[in-house]
Amino acid sequence: MDKKTLRTIVYVDGYNLYYSALTKSQYKWLDLHALMCDVLKDAYPGAQAQIDLIKFFTAPIMGRYASDPNSEHRQVRYHNALKFAPSGPVEIITGYHSEAEKMGYLVESGPGNSGRVRVKVMEEKQTDVNIGLHMYRDAVHGIVDQVVLVSGDSDLAPAFEMIRDDMPHIVRGLVFPTLDSKPHARRSGQLQELATWTRRHLSATQLETCQLPSCVLNRKNKAIKKPEEW
């Protein structure tokens, strides 16, 4: 019997993916479309995913705070390559970073020291809100049969819950962007309870296999090259 085809949009939490699976790896030039085709293969029994769109949510690096002055340029290059990936284009949705000064407590403090210090923190803004709103809006507009969330952030549970309650016919896929080499990595039980199906990890083999070509051409046939440092 033929499998049912599910119109699918994938929502990737860029920073969650980066810090869970890619940081300090050689696989940062990741082909998201190729990766998700592999991950979604037979993910939901009796159905096959037709990936109509991948949405990648992130925030531009603030160069003046980056430990590597070239990281901002590498990020821009990667985002441009994703937009023109031969395997399928990716839509980039950006939030922003803000800086703020806050009072906090030191984990350890010396005698006579209250442990309270003023620190400057960087905060990523709008990413969670953007992911939640995009998922819900796409579901409401009836353009998907399946939403697939690539994140382990439990702050996104309310969006999953609302889709489940308001549109229970829509399949809710969940992919934790943690590596199989880290079986004890933290995974949100709340998200798992709300998902129709869950993939608990990615493999290093998948990341290695699903890489963009070293040179991607944009619509003007100009080359977007993989950074040498990657």
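For the chain, what does the relative contact order come out to in percent, with C-alpha contacts under 8 Å and a separation of six or more?
25
Between Val12, Val117, Val175, where does the largest GNM mean-square fluctuation fall for the chain, given springs only between Cα atoms within less than 10 Å?
Val117
Taking Rg/Rh (Cα atoms, Kirkwood Rh) straight from the coordinates, which label in (i) 1.06; (ii) 1.01; (iii) 0.94 is the correct one?
Answer label, from the structure shown: (ii).
Round to the nearest 10 and report in Å² the accessible area of Leu194, as given by a 1.4 Å probe over the protein chains' heavy atoms.
Roll a 1.4 Å probe over it and Leu194 shows about 10 Å².
Which pairs in the list Lys24/Lys182; Lys125/Lys225; Lys24/Lys125; Lys41/Lys182; Lys28/Lys125 are over 20 Å apart, alpha-carbon to alpha-carbon?
Over 20 Å apart, Cα to Cα: Lys125/Lys225; Lys24/Lys125; Lys41/Lys182; Lys28/Lys125.
Relative to the Cα centre, what is the charge dipole magnitude of region 1-91, using +1 at the beta carbon of each Lys and Arg, -1 at the beta carbon of each Asp and Glu, and rounding to the nearest 20 debye?
Here region 1-91 has a charge dipole of around 120 debye.
Grab the Cα-Cα distance for Gln50 and Glu124, subtract it from 0.36 nm times how many residues apart they are, and report the gain in nm with one decimal.
Separation in residues times 0.36 nm, less the Cα-Cα distance, equals 23.5 nm.
Considering the chain as a Gaussian network with a 10 Å cut-off on Cα pairs, which listed residue, Val90, Val150, Val76, attains the greatest mean-square fluctuation?
Val76
Once you place label points 7 Å from the Cα toward the Cβ at Glu193 and Arg116, how far apart are they in nm?
Result: 3.6 nm between the two label points.
When only C-alpha pairs under 8 Å and at least 6 residues apart count, what is the relative contact order of region 4-89, in percent?
40
Most fluctuating residue of Lys83, Lys24, Lys55 in a GNM of the chain with Cα springs under 10 Å: which is it?
Lys24
Keeping all protein chains in place and using 1.4 angstrom, which order do Lys220, Lys28, Lys41 fall into by accessible surface area, from largest down?
Ranking Lys220, Lys28, Lys41 by accessible area, largest first, yields Lys220, Lys41, Lys28.
Where does each of Met36, Met162 land when they are ordered by accessible area, with a 1.4 Å probe and the largest first?
Output order, biggest surface exposure first: Met162, Met36.
Answer with one residue from Phe84, Thr209, Ala43: the one whose Cα lies farthest towards the positive end of the charge dipole of the chain, charges on Cβ with Lys, Arg +1 and Asp, Glu -1.
Phe84
Please give the charge dipole size of region 159-230, origin at the Cα centre, charges +1 on K and R Cβ atoms and -1 on D and E Cβ atoms. Round to the nearest 20 debye.
In total the dipole reaches around 360 debye.
Quickly work out the Lys182-to-Tyr18 label distance, labels modelled 7 Å from Cα along the C-beta direction, and quote it in nm with one decimal.
For the pair Tyr18/Lys182, the computed spacing is 1.5 nm.
Which lysines have a Cα less than 16 Å from the Cα of Lys222, not counting those fewer than 8 places away in the same chain?
Cross-link targets: Lys83.
Considering only protein heavy atoms, with the full assembly of protein chains and a 1.4 angstrom probe, order Cys210, Cys215 by accessible area, largest first.
Ranked from most to least accessible, the order is Cys215, Cys210.
Restricting to DSSP H runs of at least four residues, report the calculated mean residue ellipticity at 222 nm for the chain, -39500 (n - 2.57) per run over all residues, nearest 500 deg cm²/dmol.
-7500 deg cm²/dmol
Show me the three semi-axes of the equivalent ellipsoid for region 154-226, from the C-alpha gyration tensor (sqrt of 5 times each eigenvalue), largest first, rounded to whole Å.
32, 20, 10
Would you tell me the accessible area of Arg137, worked out with a 1.4 angstrom probe on the heavy atoms of the protein chains, in Å² to the nearest 10?
Arg137 has an accessible surface of roughly 120 Å² with all protein chains in place.
If you count only protein heavy atoms and use a 1.4 Å probe, how large is the accessible surface of Val107, to the nearest 10 Å²?
My reading of the accessible area for Val107 is about 150 Å².
The values are calculated or read from the model by the stated rules, or taken from the named source; none is laboratory data. What you are looking at is a predicted structure, and each value in this text was computed from that prediction instead of being measured. So basically every Cβ, Gly included, is an ideal-geometry build from the backbone, and we count neighbours across all protein chains shown. Protein only, heavy atoms only, side chains kept; ligands, DNA and RNA dropped before computing areas. Shrake-Rupley method; radii C 1.70, N 1.55, O 1.52, S 1.80 Å.
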